[in-house]
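Asker: Structure provided below as C-alpha cells; questions to follow.
The values are calculated or read from the model by the stated rules, or taken from the named source; none is laboratory data. Given the structure is predicted, the values throughout are model-derived calculations rather than measurements. Cβ placement follows ideal geometry from the backbone for every residue including glycine, while neighbour counts extend to all protein chains displayed.
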Amino acid sequence: GQIVALVGPSGAGKSTVARLLLRYADPDKGHIRIGGVDLRDMQTDTLMKQLSFVFQDNFLFADTIANNIRLGAPDTPLEAVIAAGRVAQAHDFISALPEGYNTRVGERGVFLSGGQRQRITIARALLQDRPILVLDEATAFADPENEAALIKALAAAMRGRTVIMVAHRLSMVTQADVILLFSDGQLREMGNHTQLLAQGGLYQRLWQHYQQAQHWVPGGTQEEVVENERQ
C-alpha cells in the first residue's frame, strides 16, 4: 500500500520506468518483479489484472462514456459506473452532457478537456479495482478550474493501493512514502520529502525552484519572492 513517487528534470527517465511496468519495453539489465515474479515470466492478462493506469494523455474509445469507464469490465451495471464517476469527480460534468453517461465520445474524447478525460480514466481505474495504480503525469492537464477536483479524484483512486506516481508537480509527492529522483537516466536520490530536503542535493534545489515559481509575479525581484514566501 505504499506510494512511490518518481521525480526529476524533463527527460530524466521517469516515464520510462512507468512504461517498463506495463511492458511497453523490457529492461536491458536487471529485473522488475511483482509478487516475486519477473514481469517477463508473467502472462500479459495476469499482469493487466494487477495494474491500472492513468497517463497524461488518456485514450478514449469512440464509444459512450459509460463503456469507456467499463473498459475491461463490460458487464458492469450502470449504477456501478455512476458510482465510480461520482468518486472520480466526473459525475457532474458527465450528467450535464446531452445524453449523460450514454454520450458518445471520439477516439480521443476531443470535445472533452484534458482534466475531464483524466477523470473518466480515473473512474475506469476505480472500477477495475486493481492492486497497483500507475500514474504518469496525471495532473499534467490540470488548470485552476479542475485541479482541485482532479486531485480529490486521484486521492480516492490511490486509497488502499500500491501507487507508482510519475509527477512533475512536486506538490503532489510531499506525502509519498518513497521518492525516487532520476537525472540523466539514473537514480540519483531516494527517500521521503523530509529526508531528501535534508540531504541538500538535487531534490532540494528542484523544491526551491518549485517554491519560487509558485510565488513568482511579473516584474518581481528576488527580494519580493523571499518576502512572499514569508507571508
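Asker: Please work out if L78 is free of Cβ contacts under 8 Å to residues at least 24 places away in the same chain and either under 16 Å from the mean Cα position of the chain (by Cα) or under 27 Å from K49 (Cβ atoms) (or both).
Answerer: Against the criterion (free of Cβ contacts under 8 Å to residues at least 24 places away in the same chain and either under 16 Å from the mean Cα position of the chain (by Cα) or under 27 Å from K49 (Cβ atoms) (or both)), L78 qualifies.
Asker: Restrict the check to the range 172-191 and report whether at least one residue is assigned by TED's automatic domain parsing to the domain that holds D92, hydroxyl-bearing (S, T, Y) and closer than 22 Å to Q211 by Cβ.
Answerer: For the range 172-191, residues assigned by TED's automatic domain parsing to the domain that holds D92, hydroxyl-bearing (S, T, Y) and closer than 22 Å to Q211 by Cβ: present.
Asker: Looking at the range 194-218 only, could you name the residues that are in contact with a helix residue (DSSP H, G or I) (Cβ under 8 Å, 6 or more places away or on another chain) and buried (at least 17 other Cβ atoms within 10 Å of the Cβ)?
Answerer: Within the range 194-218, L196, Y203, L206, W207 qualify.
Asker: Something else: A149 versus (1) under 13 Å from the mean Cα position of the chain (by Cα); (2) among the hydrophobic types (A, V, I, L, M, F, W, C); (3) surrounded by fewer than 20 Cβ atoms within 10 Å (Cβ to Cβ): which is the lone unmet condition?
Answerer: (1)
Asker: Right, something else. Mind checking whether some residue in the range 137-153 is under 24 Å from M48 (Cβ atoms), in contact (Cβ under 8 Å) with a residue 40 or more places away in the chain, hydrophobic (A, V, I, L, M, F, W, C) and touching a strand residue (DSSP E or B) at 6+ places or on another chain (Cβ under 6 Å)?
Answerer: Yes, there is a match, as at least one residue in the range 137-153 is under 24 Å from M48 (Cβ atoms), in contact (Cβ under 8 Å) with a residue 40 or more places away in the chain, hydrophobic (A, V, I, L, M, F, W, C) and touching a strand residue (DSSP E or B) at 6+ places or on another chain (Cβ under 6 Å).
Asker: In addition: Within the range 103-153, how many residues are in a loop (DSSP other than H, G, I, E, B) and either more than 26 Å from L20 (Cβ to Cβ) or modelled with pLDDT of 85 or more (or both)?
Answerer: Number satisfying all stated conditions: 16.
Asker: Is at least one residue of the range 64-79 assigned by TED's automatic domain parsing to the domain that holds M165, in a strand (DSSP E or B) and modelled with pLDDT of 90 or more?
Answerer: yes
Asker: To continue, here is another question. Can you name the residue in the range 175-223 that is part of a loop (DSSP other than H, G, I, E, B) and acidic (D, E) and, of all such residues, is modelled with the lowest pLDDT?
Answerer: Once the filter is applied, the top-ranked residue is D184.
Asker: Can you tell me which of D45, D26, D92 is within 20 Å of L133 (Cα to Cα), in the same structural domain as L133 (by TED's automatic domain parsing) and in a helix (DSSP H, G or I)?
Answerer: D45
Asker: Taking the options L6, L78, L22, name whichever one is within 30 Å of G201 (Cα to Cα) and touching a Phe, Trp or Tyr at 6+ places or on another chain (Cβ under 7 Å).
Answerer: The match here is L6.
Asker: Consider G36 carefully, then state whether it is loosely packed, with under 13 Cβ neighbours inside 10 Å, in the same structural domain as F182 (by TED's automatic domain parsing), under 30 Å from G191 (Cα atoms) and at pLDDT below 90.
Answerer: So G36 fails the test.
Asker: Report yes if some residue within the range 162-174 is surrounded by fewer than 15 Cβ atoms within 10 Å (Cβ to Cβ) and either modelled with pLDDT of 90 or more or closer than 28 Å to D57 by Cα (or both); otherwise report no.
Answerer: yes
Asker: From the list A88, A25, A5, pick out the single residue that is of a type outside the set (K, R) and more than 17 Å from the chain's Cα centre (by Cα).
Answerer: Exactly one residue qualifies, and that residue is A25.
Here's the yes/no breakdown for (1) closer than 19 Å to V163 by Cα; (2) polar (S, T, N, Q); (3) surrounded by fewer than 16 Cβ atoms within 10 Å (Cβ to Cβ):
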{"position": "Q43", "(1), (2), (3)": "no, yes, yes"}
{"position": "M48", "(1), (2), (3)": "yes, no, no"}
{"position": "A73", "(1), (2), (3)": "no, no, yes"}
{"position": "T76", "(1), (2), (3)": "no, yes, no"}
{"position": "H91", "(1), (2), (3)": "no, no, no"}
{"position": "L112", "(1), (2), (3)": "no, no, no"}
